[in-house]
Amino acid sequence: MPDQPRRVRALLDDIDRQNATRVADAAALLLTALKDDGIVFVAGAGHSLAMVLETFYRAGGLAPVRPIWEPDIMPLSGALQSTRVERREGIGRSVMAAADPTPPDIAVVFSTSGSNPYPVEAAQECESRGVPVIAVTSERASRGAASRTDSVLADHGTIVLDTCVPPGDVVQPTEHPRTAAVSTILAAYVWSLLLSELDEQARTQGIELPRWTSANVPGGDEVNARLLTRYAARIPELTTNG
């Protein structure tokens, strides 16, 4: 019987221990930005784009989220090309600069290893603009990754949330892991922890967060229509036709 479920549960426990105080600090940073009507700019490359999608226009998720991405970094646009582009210097900085985040905005950058130029530059560009960065990355994977930049994503995070992904991402079989990648599961768990803590802090302060509602429940369309009216001008991805 594969031991992958046990390994994943153990890694989830690692996340809880490693981020015991960090999640609360990151939620406080997010809440400050939201109270000041800031936008949450979310970036990632390769399979970390799964997390960019998870944060955007998601039932129960924050409405003021702008996804930052470049078509050439999406594996569906060309797998080999996506790897080359996230390693190419200048792309991450230019894509983030074009989005133009400014305080009181905040950025969340996802990257398992945090070692490629794209996520590092995206975070650096925000740093240079005085925009706080929540870096969601694996400190273990980062230490074991091939070095392609002078720094890693964690070096540029105002707060770093550790996904605890093992080097190489895979966990099965235990002795010589070669399959069952866990980075998406673990990063999604970290994001869910962050949203839960954010909700608790907002509730304590009597703040109603701007959140999407499922369009498949009564009243969902009406709630979302009001949020679209509020944010469409600042988040073009909400209304741009593909």
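So which of Ala50, Ala10, Ala63, Ala59 ends up being open to solvent by less than 10 Å² (accessible area, probe 1.4 Å) and among the hydrophobic types (A, V, I, L, M, F, W, C)? Even if it seems obvious, please write down each step before you answer.
Values: Ala50 fails: open to solvent by less than 10 Å² (accessible area, probe 1.4 Å); Ala10 fails: open to solvent by less than 10 Å² (accessible area, probe 1.4 Å); Ala59 fails: open to solvent by less than 10 Å² (accessible area, probe 1.4 Å).
Answer to the selection: Ala63.
Collect the residues in segment 100-109 that are open to solvent by 10 Å² or more (accessible area, probe 1.4 Å) and within 16 Å of the chain's Cα centre (by Cα), keeping them in residue-number order. Let's see the steps before the verdict.
Going through segment 100-109, the residues open to solvent by 10 Å² or more (accessible area, probe 1.4 Å) turn out to be 100, 102-105.
Matches in segment 100-109: Asp105 only.
Mind listing whichever residues of segment 78-99 are polar (S, T, N, Q) and either crowded, with 22+ Cβ neighbours inside 10 Å or touching an Asp or Glu at 6+ places or on another chain (Cβ under 9 Å) (or both)? Full working, then the answer.
At the first step, the residues of segment 78-99 found to be polar (S, T, N, Q) are 81-83, 94.
Those that are polar (S, T, N, Q) and either crowded, with 22+ Cβ neighbours inside 10 Å or touching an Asp or Glu at 6+ places or on another chain (Cβ under 9 Å) (or both): Gln81, Ser82, Ser94.
If the requirement is being at pLDDT below 95 and on the phi > 0 side of the Ramachandran plot, which of these qualifies: Gly168, Gly144, Gly130?
Values: Gly144 fails: on the phi > 0 side of the Ramachandran plot; Gly130 fails: at pLDDT below 95.
Just a single option satisfies the conditions, and that option is Gly168.
Within segment 43-80, which residues are under 14 Å from Val190 (Cα atoms) and either in contact with a helix residue (DSSP H, G or I) (Cβ under 8 Å, 6 or more places away or on another chain) or without any contact (Cβ under 8 Å) to a residue 12 or more places away in the chain (or both)?
Applying the first criterion (under 14 Å from Val190 (Cα atoms)) to segment 43-80 yields 48, 50-52, 54-55, 61.
Selection gives Ser48, Ala50, Met51, Glu54, Thr55, Gly61.
Just to verify a result, which residue in segment 129-151, among those that are out of contact with any strand residue (DSSP E or B) (no Cβ under 7 Å at 6 or more places or on another chain) and of a type in the set (D, E, K, R), is surrounded by the most Cβ atoms within 10 Å (Cβ to Cβ)?
Narrowing segment 129-151 to residues out of contact with any strand residue (DSSP E or B) (no Cβ under 7 Å at 6 or more places or on another chain): 129-130, 140-151.
Right, trim to of a type in the set (D, E, K, R) and you get 129, 140, 143, 148, 150.
Values: Arg129: 15, Arg140: 18, Arg143: 12, Arg148: 15, Asp150: 8.
Looking at the filtered set, the residue picked out is Arg140.
Considering only residues that are in a strand (DSSP E or B) and open to solvent by 20 Å² or more (accessible area, probe 1.4 Å), which ones fall in segment 110-128? Steps first, answer last, please.
Here is the first cut: in segment 110-128, the ones in a strand (DSSP E or B) are 110.
None; the set is empty.
Picking from Thr184, Thr229, which residue would you name as being of a type in the set (Val, Ile, Thr) and over 30 Å from Ser115 (Cα atoms)?
Numbers: Thr184 fails: over 30 Å from Ser115 (Cα atoms).
The conditions single out Thr229.
Go through segment 191-235 and report how many residues are in a helix (DSSP H, G or I) and either farther than 17 Å from Val42 by Cα or under 19 Å from the mean Cα position of the chain (by Cα) (or both).
Taking segment 191-235 first, the residues in a helix (DSSP H, G or I) are 191-204, 220-231.
Going one step further and asking which of them are either farther than 17 Å from Val42 by Cα or under 19 Å from the mean Cα position of the chain (by Cα) (or both), we end up with 191-204, 220-230.
Count: 25.
The values are calculated or read from the model by the stated rules, or taken from the named source; none is laboratory data. What you are looking at is a predicted structure, and each value in this text was computed from that prediction instead of being measured. Cβ atoms come from the backbone with ideal geometry, glycine included; neighbour counts cover every protein chain shown. Side chains included, ligands, DNA and RNA excluded: accessible areas come from the protein's heavy atoms. Shrake-Rupley method; radii C 1.70, N 1.55, O 1.52, S 1.80 Å.
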